[in-house]
1. Report the Cα centroid-to-centroid distance between the stretch 263-281 and the stretch 1-59 in angstrom, as an integer.
2. Taking square-rooted eigenvalues a ≥ b ≥ c of the alpha carbon gyration tensor, is the stretch 46-174 rounded, prolate or oblate, where a/c under 1.5 means rounded and, failing that, a/b exceeding b/c means prolate?
3. If the cut-off is 18 Å between C-alpha atoms, which lysines fall inside it for Lys25, apart from same-chain ones fewer than 8 positions away?
4. Report D for the stretch 86-275 in µm² per second (integer): Stokes-Einstein, Kirkwood Rh on Cα pairs, 20 °C, 1.002 mPa s.
5. In nm, give the distance between the simple-model label positions of Glu77 and Lys174, each being 7 Å from the Cα along the Cα-to-Cβ direction.
6. Highest first, please rank the peptides 191-202, 65-76 by the mean number of other Cβ atoms sitting within 10 Å of their residues.
7. Return the whole-Å distance between the Cα centroid of the stretch 135-206 and the Cα centroid of the stretch 65-132.
8. Sort 247-256, 203-212 by the packing proxy (mean of other Cβ within 10 Å over each peptide's residues), most packed first.
Amino acid sequence: MTQLALYYFPGSYYSQRALLTLYEKDARFQHKLVVIHAGEQNDPAYMRMNPAGQVPVLKDGKKIVTESDAIIRYVDENVHTGSTLIPDESSSVGKEVARLWKLVNSVKIEIMTFGILTFQDLSATGLTAMAQKMANSVDIRKRFDGIKKTLTALAEKCPDLKDAYNVKIDRALKFTQNFHNRELVNQVLDEVEKILDEIEMVLRKVKEEQGISDAWLTGSRYTAADIALTTLLDRIVFLGLEARYFTPQTRPLLYSYYQRLGTRKSVQQVRALVSSAPRLIILHQIKKASPYVLGVLVAGVAAAVVYSRLKGK
């Protein structure tokens with residue numbers, strides 16, 4: 001295996017799954033930031049690597065892996081450090097991991113996310129500061145018009161990618177229509193209730209049958225199914241929905257599960273990346289605009305640090 005490189009955006013739901021996987025496996029990898037709010041996923045060079053124009057993408061030499069589930073499988077099979085995330089699927093544990101992974105994947109996360117950003121009164125406790133900032137800074141309808149214009153121009157400029165860009169335009173239109181449908185958004189939120197009811201029952205069964213009070217979804221081992229659930233729960237909190245979905249009163253075992261996630265190193269690492277996203281974007285944009293400017297900035301900061309230390313002695 002050559003040097004792995006992950007193309008991702010910290011706030012991306014599926015990027016977070018790929019990051020969790022790499023951290024769980026103690027994998028060494030290069031961070032390749034793709035600022036999706038700036039449309040970098042639509043750049044021709046990126047589209048040629050992943051015609052879907054989405055994050056994340058994992059590169060292993062000439063090997064390119066797209067889709068977070070495929071990345072989880074690839075990393076688990078090819079990185080031989082850390083614990084196994086996908087048990088043998090012919091075993092009872094492996095079958096349960098596959099079932100729960102599929103169950104969590106059934107959540108329509110895009111409709112849930114942008115539906116709440118659009119209909120903010122549906123948020124149980126109000127959006128987090130980062131989510132509110134995102135909602136305030138983005139007029140989704142105007143943004144779609146801008147995206148359509150940009151993608152149409154790129155399709156004309158790059159004939160070899162015309163079909164891929166047209167698919168993106170169609171997908172964006174359908175996507176925008178979906179999360180402006182309040183009834184559909186409410187339906188998706190209700191579906192999440194049923195899924196989390198099932199998760200609560202699973203955690204209760206594991207506790208009773210295995211006698212583990214601090215269990216993950218299938219016992220003491222944190223698996224791919226847990227990675228999927230981790231990103232879902234973090235997204236729920238981001239949208240201010242935790243009071244609806246998991247509290248000590250409503251789903252106590254799921255609530256306890258979420259509290260334990262905060263002590264897990266891989267989760268801490270991903271959350272730190274998400275929190276630092278604004279700073280990473282600024283540095284990325286400065287570097288992209290001018291490596292010279294970045295060099296001057298770094299030199300200036302270094303000089304200031306040296307000066308402050310000398311002054312403090």
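1. First find each Cα centre; the distance between them is then 15 Å.
2. Oblate shape, in that a/c is at least 1.5 and b/c is the bigger or equal ratio.
3. Those lysines meeting the cut-off are Lys59, Lys265.
4. Result for D is 115 µm²/s.
5. 2.8
6. 65-76, 191-202
7. Centre-to-centre distance over Cα atoms comes out at 16 Å.
8. Sorting 247-256, 203-212 by mean packing, highest first, produces 247-256, 203-212.
A short reminder: the numbers here are calculations on the coordinates, not readings from a lab. Note that the coordinates shown come from a computational prediction; the quantities given were computed from them, not determined experimentally. All Cβ positions, glycine included, derive from the backbone under ideal geometry; neighbour counts span all protein chains shown.
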